Amino acid sequence: MKKHYISGLILSLLVAVAAIAFVPGAAAGETPGTGTAIGQPVADFTLPDPDGKTHSFASLKGKNGTLFIFIATRCPVSNGYNERMEKVWQDYRARGINVVGINANSTETAADVKTHAAEKGLTFQILKDDGKVADQLGAAVTPEAYLIDASGKLVYHGRIDNSIKGDAIISTDLRDAIDSMLAGKPIAKTEAKAFGCSIKRGK
C-alpha cells in the first residue's frame with residue numbers, strides 16, 4: 001500500500017514538473033517578458049506618425065540597418081540627448097542607416113511629439129506607440145536604443161553613451177556598435193544598460 005502511494009506521489013511530481021517546463025508561446029528564441037533578444041529577428045509592426053500616417057517596420061528599414069530610439073518630449077534625460085540623436089541620424093543616413101524615434105508615453109500626445117520635434121530640430125521620423133512596440137522590444141526608459149541589422153536581427157540594445165553630460169562621455173556604445181556592424185565586424189558590446197525616464201505606459 002505504502003509502495004503504491006510513493007509511486008503515485010512520484011508520478012504526480014513528474015507531471016507537475018512537465019507542466020511547469022512547458023509554457024505556451026515560449027518557442028525557441030523567445031524571451032517572454034524581456035522583449036526581443038540580441039540575435040533574434042524583430043517582428044514586423046505598424047505605428048502612426050504624429051499626422052496619423054501609418055508606417056510598418058518593413059517600410060522603415062534602412063539599406064544597411066535600422067535604429068529605433070525610444071524618446072520623450074518631457075524627459076530631461078531624453079532631451080539631453082536630442083542633439084546627439086540628430087547627429088547620429090545626420091552622420092549615418094548616407095551610410096544606409098535609417099533612424100526612427102518612437103514615443104511610447106501615454107502622457108504625451110501626437111501633437112506633443114510633432115511640436116517637440118519641430119522645436120528641438122529633430123528631423124528623423126518619429127512614430128507614436130501605444131505601448132505595443134515598447135512591450136515587443138522590451139523598452140523601459142527614454143532614451144533607449146535598438147540597432148537592427150540589414151537582415152532584421154537585433155544586434156545592439158541599450159544606452160547611446162555613458163553620460164548625459166557631453167564632456168563626460170568615455171564610452172560611445174551605440175556609435176561603436178553601428179561602426180562595427182557597417183564594417184562587418186562583431187559588435188564587442190551588444191548590450192549596455194539604458195538610463196533615463198521610465199516609459200509611461202497606459203493602463
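So here's what we get for this one:
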| quantity | calculated |
| --- | --- |
| Residue check, Thr73 open to solvent by 10 Å² or more (accessible area, probe 1.4 Å), outside any helix (DSSP H, G or I) and in contact with a helix residue (DSSP H, G or I) (Cβ under 9 Å, 6 or more places away or on another chain) | yes |
| Filter result for Lys53 (modelled with pLDDT of 95 or more, surrounded by 13 or more Cβ atoms within 10 Å (Cβ to Cβ) and not hydrophobic (A, V, I, L, M, F, W, C)) | no |
| Those residues of the range 188-202 which are open to solvent by 30 Å² or more (accessible area, probe 1.4 Å) and without any contact (Cβ under 8 Å) to a residue 60 or more places away in the chain, in sequence order | Ala188, Lys189, Lys193, Ser198 |
| Selection status of Gly80, surrounded by 15 or more Cβ atoms within 10 Å (Cβ to Cβ) and within 23 Å of Ala118 (Cα to Cα) | yes |
| Checklist (1) at negative phi; (2) over 17 Å from the mean Cα position of the chain (by Cα) applied to Leu127, failing item | (2) |
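The values are calculated or read from the model by the stated rules, or taken from the named source; none is laboratory data. Everything quoted here is computed from the prediction, not taken from an experiment. Neighbour counts are summed over all protein chains in view; Cβ atoms, including those assigned to glycine, are modelled from backbone coordinates with ideal geometry. The area values use the complete protein model at the heavy-atom level, side chains included, leaving out ligands, DNA and RNA. Shrake-Rupley method; radii C 1.70, N 1.55, O 1.52, S 1.80 Å.
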